[in-house]
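Enquirer: Take a look at this one; I'll ask things after.
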Amino acid sequence: MDTTSQAFRKAFPAFMDPTCYPEHEIDYWSQLGAKLIDQARWGELFSDGLFLFVAHNLTLEFNSKKASAKGQTPGQIVGVTTSASVDKVSYSRDASSAMDPEAGHWNLTIYGLRYLRLVKMVGAGPIHVGPSNPGASIAWPGVIPPIWG
């Protein structure tokens with residue numbers, strides 16, 4: 001499971017330009033993602049999830065830098081553009097088919113939506129929470145009645 005910045009750039013060639021996407025930014029988002037994403041839960045998909053997390057955040061960071069260069073407030077929330085007009089020409093598109101109404105900021109990039117889709121797949125199914133008991137059955141025994149003395 002190679003999660004280096006070189007592996008990231010190879011998997012996502014759109015982020016090859018070190019001027020737009022410096023090494024230290026990839027490292028920052030990779031380290032943060034590695035702390036937030038449960039590697040044991042994700043298993044073989046860990047690097048895929050991590051790279052999508054990094055790509056999403058790098059894209060938002062790049063947009064922030066572009067805004068700052070134009071004298072605008074960096075980090076300002078900008079939604080998906082669905083229509084625009086210049087003079088008498090207008091253009092619009094329906095982004096709702098690609099967006100998840102419960103995805104929040106993950107809707108702001110395709111990488112975020114892909115990450116969220118993986119989160120939902122990886123997060124599906126039961127997990128054991130609590131102390132381990134090697135001799136116990138993994139099946140849920142049902143409601144355990146309280147013991148009153």
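The values are calculated or read from the model by the stated rules, or taken from the named source; none is laboratory data. Everything numeric here is computed off the predicted structure, so don't read it as measured data. No Cβ is skipped: glycine too gets one built from the backbone with ideal geometry, and neighbour counts run over all protein chains shown.
Enquirer: Consider residue 6 carefully, then state whether it is surrounded by fewer than 18 Cβ atoms within 10 Å (Cβ to Cβ), more than 21 Å from residue 120 (Cβ to Cβ) and under 14 Å from the mean Cα position of the chain (by Cα).
Expert: Values: surrounded by fewer than 18 Cβ atoms within 10 Å (Cβ to Cβ): yes; more than 21 Å from residue 120 (Cβ to Cβ): yes; under 14 Å from the mean Cα position of the chain (by Cα): no.
No.
Enquirer: Residues in the range 80-93: is at least one modelled with pLDDT under 70, farther than 25 Å from residue 8 by Cα, under 19 Å from the mean Cα position of the chain (by Cα) and loosely packed, with under 10 Cβ neighbours inside 10 Å? It would help to see each step written out before you state the result.
Expert: Of the residues in the range 80-93, the ones modelled with pLDDT under 70 are 80-84, 91-93.
Filter once more, so that each one left must be farther than 25 Å from residue 8 by Cα: 80-84, 91-93.
Now drop any that are not under 19 Å from the mean Cα position of the chain (by Cα), which leaves 80.
Filter once more, so that each one left must be loosely packed, with under 10 Cβ neighbours inside 10 Å: none.
No, the conditions are met nowhere in the range 80-93.
Enquirer: Next question, about the same structure. How many residues are touching a helix residue (DSSP H, G or I) at 6+ places or on another chain (Cβ under 8 Å) and either closer than 23 Å to residue 116 by Cβ or surrounded by fewer than 14 Cβ atoms within 10 Å (Cβ to Cβ) (or both) when one looks only at the range 15-26?
Expert: So the first thing to find is which residues in the range 15-26 are touching a helix residue (DSSP H, G or I) at 6+ places or on another chain (Cβ under 8 Å), and the list is 15-16, 20-21, 23, 25-26.
With the extra rule that they be either closer than 23 Å to residue 116 by Cβ or surrounded by fewer than 14 Cβ atoms within 10 Å (Cβ to Cβ) (or both), the set shrinks to 15-16, 21, 23, 25-26.
Matching residues across the range 15-26 total 6.
Enquirer: Can you tell me which residue among 67, 40, 34, 14 is at negative phi, assigned to a helix (DSSP H, G or I), among the hydrophobic types (A, V, I, L, M, F, W, C) and more than 18 Å from the chain's Cα centre (by Cα)?
Expert: 67
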